[in-house]
Amino acid sequence: MKWLTRLLMTVIVTSVLTVSAWAITLQEAAERVARQNDATVVSAQTVERNGRRVHVIRFLTRDGVVRTVRVPAEQG
């Protein structure tokens, strides 16, 4: 399981996009979601939805449930 976590974090780190000062990076969003939910990130990607960029974070809870959250990439 540790190798999967390391692989996932490597993918997240390498896929972070250059964004404006008012934006949250994919890595920041994934770390925040994991910390707030005491969970392990399973996947993370940035998509465009209705003309806006959104980070889609899937995570595994301690109860073994996979959940998905969407975090706006631009704030403010």
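Among the residues making up the stretch 32-68, those that are among the hydroxyl-bearing types (S, T, Y) and within 22 Å of K2 (Cβ to Cβ) are T40, S43, T61.
Out of the residues in the stretch 17-47 that are at pLDDT 95 or above and in a strand (DSSP E or B), state the one that is surrounded by the most Cβ atoms within 10 Å (Cβ to Cβ). The selected residue is A44. Within the stretch 48-67, track down each residue that is over 10 Å from the mean Cα position of the chain (by Cα), of a type in the set (A, V, I, L, M, F, W, C) and part of a strand (DSSP E or B). Across the stretch 48-67, the qualifying residues are L60, V66. Can you say whether L4 is buried (at least 16 other Cβ atoms within 10 Å of the Cβ), part of a helix (DSSP H, G or I) and at pLDDT below 95, as far as the supplied structure shows? Spelling it out, it is not the case that L4 is buried (at least 16 other Cβ atoms within 10 Å of the Cβ), part of a helix (DSSP H, G or I) and at pLDDT below 95. Pairing residues of the stretch 45-67 that are of a type in the set (S, T, Y) with residues that are in a strand (DSSP E or B), at Cβ distances under 6 Å and at least 6 apart in sequence or on separate chains, gives T46/R53; T46/H55.
The values are calculated or read from the model by the stated rules, or taken from the named source; none is laboratory data. None of the values given here were measured: they were computed from a predicted structure. Cβ atoms come from the backbone with ideal geometry, glycine included; neighbour counts cover every protein chain shown.
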